[in-house]
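> The structure's right below; bear with me while I get my questions together.
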Amino acid sequence: MRAEPDTGPLTVGRLAARAGVRTDTIRYYERAGLLPSPQRTSGEHRRYDERALDRLLFIRGAQRLGLRLSEIRRLLEVRDTGVCACEPAATLLHRHVSEIDAEMNRLAALRGELTRMLAAMPGPDCPDPVPGTWCPPALETEGR
């Protein structure tokens, strides 16, 4: 059996397979305004061109970078004008790098706190905890 060539209009299923998304994702992107409404056959079946595939791949790549759909929509609007979207993309990416840095700092502080708690644990000879806590009696009275 010969495979159908990937030229000409794409069905929603073929587009989804080539973009690595589900068909309901494509329909959602259409409703959300990220993907323009496609041409329809006389039987109302969607037919997409290669620009839709390019747009879906752009959306997926932007999502992998942590951009929100509203941010991706703004980038697509700039891209649709024919103007390079690099400047607005750089602004968004700088903001996301800052957010990642802040989260890494928060996680490092959390790791430090957990490490200190682990170091303070008495080890295998730990007495039973005080009822209602997870601390042994000696540690519970020290914390007060």
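The values are calculated or read from the model by the stated rules, or taken from the named source; none is laboratory data. Predicted model, so just to flag it, every value in this text is computed and none were measured. So basically every Cβ, Gly included, is an ideal-geometry build from the backbone, and we count neighbours across all protein chains shown. With ligands, DNA and RNA removed, areas are computed over all heavy atoms of the protein, side chains included. Shrake-Rupley method; radii C 1.70, N 1.55, O 1.52, S 1.80 Å.
> How much length is gained if the chain between residue 28 and residue 107 is pulled fully straight, taking 0.36 nm per residue apart and subtracting their Cα-Cα distance, in nm to one decimal? It would help to have the intermediate numbers written out before the result.
Values: separation 79, 0.36 × 79 = 28.44 nm, distance 3.39 nm.
That pair, residue 28 and residue 107, stretches by 25.1 nm at full extension.
> Related question: Ranked highest first by average number of other Cβ atoms within 10 Å, how do 12-25, 97-110, 42-55, 115-128 line up? List each step's numbers first, then the result.
Working: 12-25: 15.7, 97-110: 10.3, 42-55: 13.8, 115-128: 8.6.
The most tightly packed comes first, giving 12-25, 42-55, 97-110, 115-128.
> As an exercise, use a Förster radius of 30 Å and the Cβ-Cβ distance of residue 40 and residue 87 to find the FRET efficiency, rounded to the nearest 0.05. Can you show the working numbers first?
On the way: r = 36 Å, r/R0 = 1.20.
FRET efficiency, residue 40 to residue 87: 0.25.
> Between residue 114 and residue 69, what is the FRET efficiency for a Förster distance of 35 Å, r being their Cβ-Cβ separation, to the nearest 0.05? All intermediate terms of the calculation are to be shown ahead of the outcome.
Working: r = 34 Å, r/R0 = 0.98.
In this case the efficiency is close to 0.55.
> Quick one: putting +1 on the C-beta of Lys and Arg, -1 on the C-beta of Asp and Glu, what dipole do you get for the chain around its Cα centre, in Debye to the nearest 20?
Details: 22 positive and 20 negative charges, 165 e Å.
It works out to roughly 800 debye.
> Here is a further query. Ignoring ligands, DNA and RNA, what percent of the 1.4 Å accessible area of the range 10-130 is carbon and sulfur?
Numbers: 4620 of 8130 Å².
Result for the range 10-130: 57 percent of the exposed heavy-atom area is carbon or sulfur.
> Per residue, how many Å² of accessible area does the chain show with a 1.4 Å probe?
Numbers: 10370 Å² over 144 residues.
Averaged over the residues of the chain, the accessible area is 72 Å².
> Dividing the alpha-carbon Rg of the range 25-82 by 2.2 N^0.38 Å yields what? Spell out each step's value before the answer.
Working: Rg = 12.0 Å, N = 58, 2.2 N^0.38 = 10.3 Å.
Dividing the Cα Rg of the range 25-82 by 2.2 N^0.38 Å gives 1.17.
> Then there's this: Suppose only helical runs count, i.e. DSSP H with n ≥ 4. What mean residue ellipticity at 222 nm does that imply for the chain under -39500 (n - 2.57) per run, divided by all residues and rounded to the nearest 500 deg cm²/dmol?
Values: 6 runs with 85 residues, N = 144.
When only DSSP H runs of four or more count, the value is -19000 deg cm²/dmol.
> Can you find, among 92, 107, 131, the residue sitting farthest towards the positive end of the charge dipole of the chain, where Lys and Arg contribute +1 and Asp and Glu -1 at Cβ?
92
> Calculate the tail of P(r) for the chain: the fraction of all Cα-Cα distances greater than 24 Å, expressed in %. Walk me through the numbers before you get to the answer.
Working: 5899 of 10296 pairs.
So the portion of pairs separated by more than 24 Å is 57 percent.
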